[in-house]
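These notes concern the structure reproduced below.
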């Protein structure tokens, strides 16, 4: 794929004091996003507001659609028109988006959706934090498919990971998600935005061959098909129905087999290139705390206390939550006593940790049903329990 | 028939894809010149496709071509041998 | 079969249809094919650049049109063709967008999207094929099913009031509203031609026969019987008040062009307003310098 330079018009170079939501908007503009279709929902609205304010200066379109369903439909349309497109939402809106997320996966349309999570289920806690959509982002739509989800832990990381999310979605032609939460979204911190030359961007693989030989869904050597945009005379067809390489619907089991495997394998087989995490002191650790997002910052304190108490604790901070770092967990499970998984939900990623540990090390959950972050003492207590 | 000197009535030649026809009868019913009728034969789907009963009456109005839901019918303008006529099949 | 190939090659529709996917899935006597022919004729006559025309369909019998037309075509989710088209149009304002979908798709699940796109005066053309039911799934009652008509989910007859589509379109802000039946081939073509060059939200309703479901369930005969009904009961009243266009079961069908006004589109409004608010700094979007 093409490496491109960031357009300086969209890059607000300098050191700023921004909250996570604003950082997401700035990251999107820096990444070249010029189309935003959204719907207001607490706590993500600020991103839409910032984008609406900034986009006339940068050049692009902001449209507030009538609901989240329309937002994602418009994003897919804009993606096929050649634009980088994004939206933001929270729990209830995320649920509404699910059908069209499935359509985006099936059509292999690159787009980015940020979910600034809040307490759920249903209307839940609109103004307070949660990490309760972690499984939904992976399994929310019907059918078999794979997505990429990234988890920032600070406004600076919101900025950085949004750029990465756009790059990943362009490379793999898959909807990519930024799973922040209300805490990070509304937290004001220093965000350093580099000059445009230092930002590395990637564009989707554009097809450059003869028009009559173009097959919209023929995978290339790296399993990703070439993409074109509407209006260039390719007269292509794309559909949410199970389709063959020409994009035409073929309703039988053989085509379904090829289609579904392609959608899943293109991420699964490239998982090693996509997965990112940060580990600390895991080489000789007895307990490893697996966390992501805002919880990883709370974990820092608990880990400090635990190390003072003499426990050999390592940390694994997940940056890519999906695809899940199965190999890393499996490797750690062989040598440690237990995993401790604090998360602001009642048991989601801990299920993955447990699954990947293959029974070699228990995964101890430190739940928090939402509304606030963990008390570090609770995590410390869990680490102590695990160490015994 | 010849009107006003060089002006001649257009004549069309109807091409029918018999196996595509689903026997709806629109072309037969709405042809203004009663050029078509449903045949007695069966096509591969079991329907009675139309046949051209009266080719000379066809005035190239192309209504049968547009009204056929199966895209199974099209009309070509018959080329004229005399001068003054372009003889192009699609105006 | 060689004869087949020659037919496809010479068929004037060859440039507009994906002939490798014909024969299509529609029933004998179904009016959708007729509307597609009228549409193809309009495309040809308008001499519009076909590379820039995109067609978006939803789910349903009419939703399959995208798969058969040789344009950049998109078959999206149920009811969401209009916002999909919005995204395409705003992503590349040079495109001419046509949403070709059914009454159940656009006005049932997609009702909200229709009224907002009309309100915003999005520059898209919506062709709604109205066969008074949800045909693809077996003939369920739709928002347009006339009172007392039979449908699979209204087995004792429909007791809900239906929409009057031109009324709804005009009330929502559409700048071009017309209604025809499938029998009015040339007029459908003319309307589509007019709407293709018009900037703003255009809506054309085409009442078409649904033989296997609507006609069968209501014992109305076959395609020809329904076409005869259109012939007998339709009346052209251009400019009629859209409040008077209700369709009762097998009742009068008032057709014609009801609304044809000029109004700035969404992008026009956006550019004009932001230029006023931001002055020289703002570069209009989608406008060639």
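Every number in this text was worked out from the coordinates using simple rules, so none of it is lab data. No experiment lies behind these values; they were computed from the predicted model shown. Counting neighbours? That spans all protein chains shown, and the Cβs are built from the backbone with ideal geometry, glycine included.
Highest mean first, what order results for C:79-88, A:150-159 on Cβ atoms within 10 Å?
C:79-88, A:150-159
Kindly express, to the nearest 10 degrees and within the range 0 to 90, the angle between helix C:223-233's C-alpha long axis and the longest C-alpha principal axis of chain C.
Approximately 70 degrees, to the nearest ten.
So for chain A, averaging the separation of alpha carbon pairs under 8 Å that are six or more residues apart and normalising by length, what relative contact order in percent results?
Computed over chain A, the figure is 17 percent.
Provide Rg and Dmax in Å for segment A:327-387, with only Cα atoms included in the calculation.
Rg then Dmax for segment A:327-387, in Å: 11.7, 35.
Once the principal axes of the Cα atoms of segment C:25-138 are found, what is the range along each, listed largest first in whole angstroms?
Principal extents (Cα only, largest first): 38, 32, 18 Å.
Is it possible to state the helix-based mean residue ellipticity at 222 nm for chain C, with each DSSP H run of 4+ residues giving -39500 (n - 2.57), the sum divided by total residues, to the nearest 500 deg cm²/dmol? What is it? Show your work: numbers first, answer last.
Working: 9 runs with 94 residues, N = 289.
Computed mean residue ellipticity for chain C: -9500 deg cm²/dmol.
Label-point separation (nm) for residue C:243 and residue A:215, each offset 7 Å from Cα along Cα-to-Cβ?
In this crude spin-label approximation the distance works out to 5.9 nm.
For peptide A:179-191, compute the average count of partner chain beta-carbon atoms within 10 Å of each residue's beta-carbon.
0
Counting other beta carbons within 10 Å of each Cβ, put A:98, A:304, A:187, C:122 in order, fewest first. Each step should come with its number before you reach the end.
Numbers: A:98 18, A:304 13, A:187 21, C:122 24.
Arranged by neighbour count, lowest to highest, A:98, A:304, A:187, C:122 become A:304, A:98, A:187, C:122.
Cα axis of helix A:45-58 to longest principal axis of chain A: angle in degrees, 0 to 90, nearest 10?
So the inclination is approximately 40 degrees.
Could I get the Rg over Rh figure for segment C:1-68? Both from C-alpha atoms, Rh via Kirkwood, rounded to two places.
Values: Rg = 12.8 Å, Rh = 13.2 Å.
Here Rg/Rh amounts to 0.97.
Over all directions, what mean area does the Cα convex hull of segment A:178-308 project, stated in square nanometres?
Answer in nm², one decimal: 14.3.
Looking only at other chains, what is the average number of their beta-carbon atoms within 10 angstrom of each beta-carbon in B:30-37? Please list the in-between numbers first.
Details: counts 5, 0, 0, 0, 0, 0, 0, 0.
The mean count of partner-chain Cβ atoms within 10 Å per residue comes to 1.
Tell me, rounded to the nearest percent, the portion of alpha carbon pairs in chain A spaced more than 31 Å apart.
37 percent
Once the Cα gyration tensor of segment A:276-387 is diagonalised, what are the square roots of 5 times its eigenvalues, in whole Å and ordered largest first, as equivalent ellipsoid semi-axes? Before the final figure, lay out each step's value.
Numbers: eigenvalues 65, 56, 31 Å².
The answer is 18, 17, 12 Å, longest axis first.
Rounded to two decimals, what is the ratio between the C-alpha radius of gyration of segment C:231-289 and 2.2 N^0.38 Å?
2.00
With axes computed from alpha carbons, what is the tilt in degrees of helix C:266-278 against the longest principal axis of chain C, rounded to the nearest 10 within 0 to 90?
The two axes meet at around 20 degrees.
What's the exposure ranking of A:22, A:226, going from fewest to most Cβ atoms within 10 Å?
Taking fewest neighbouring Cβ atoms as first place, the list is A:226, A:22.
Given the alpha-carbon gyration tensor of the protein assembly as shown, what are the semi-axes of its equivalent ellipsoid in whole angstrom, ordered largest first, with each equal to the square root of 5 times an eigenvalue?
Values: eigenvalues 631, 138, 123 Å².
Ellipsoid semi-axes (Å, largest first): 56, 26, 25.
If you count, for every residue in A:221-234, the Cβ atoms of partner chains within 10 Å of its Cβ, what is the mean? Kindly include the intermediate steps, with their values, before the conclusion.
Working: counts 0, 0, 0, 0, 0, 0, 0, 1, 5, 16, 12, 4, 5, 2.
What the average comes to for A:221-234 is 3.
Along its three principal axes, how long is segment A:157-211 when you only count alpha carbons? Whole Å, largest extent first please.
Taking the Cα atoms of segment A:157-211, the three principal extents are 51, 26, 11 Å.
What percent do you get for the relative contact order of chain C when only Cα pairs under 8 Å and 6+ apart count?
Computed over chain C, the figure is 17 percent.
At each listed q (0.17 Å⁻¹), what is the log10 of I(q)/I(0) that the Debye formula gives for segment C:175-289 modelled as equal alpha-carbon point scatterers?
Relative scattering, expressed as log10 I(q)/I(0), comes to -0.86.
Please provide three numbers in whole Å: the alpha-carbon extents of segment C:109-195 along the principal axes, with the largest listed first.
For segment C:109-195, the Cα spread along each principal axis is 41, 30, 21 Å.
Listing A:308, C:70, A:211 from the residue with the fewest other Cβ atoms within 10 Å to the one with the most, what is the order? Could the numbers behind the result be given before it?
Numbers: A:308 9, C:70 20, A:211 13.
So the ranking, lowest neighbour count to highest, is A:308, A:211, C:70.
Return, for the Cα atoms of segment B:8-77, the radius of gyration and Dmax in Å, separated by a comma.
For segment B:8-77, the Cα radius of gyration and maximum Cα-Cα distance read 11.2, 40 Å.
What is the Cα convex hull volume of segment A:1-140 when expressed per residue in Å³?
117 Å³
At R0 = 56 Å, how high is the FRET efficiency between residue C:197 and residue A:144 if r is their beta carbon distance? Nearest 0.05 is fine. Walk me through the numbers on the way to the answer.
Details: r = 45 Å, r/R0 = 0.80.
About 0.80, to the nearest 0.05.
Along the Cα→Cβ direction, 7 angstrom out, place labels at residue A:381 and residue C:272. What is the inter-label distance in nm?
Reported label-point gap for residue A:381 and residue C:272 is 6.5 nm.
Given chain C, report the % of alpha carbon pairs whose separation exceeds 30 Å.
Counting every Cα pair in chain C, those more than 30 Å apart make up 29 percent.
Once every DSSP H run of n ≥ 4 in chain A is given -39500 (n - 2.57) and the sum is divided by its residues, what mean residue ellipticity at 222 nm do you get, rounded to the nearest 500 deg cm²/dmol? Could the numbers behind the result be given before it?
Details: 13 runs with 149 residues, N = 388.
Value at 222 nm, helices only, nearest 500: -12000 deg cm²/dmol.
Over what distance in Å are the Cα centres of segment A:9-42 and segment A:370-388 separated?
34 Å
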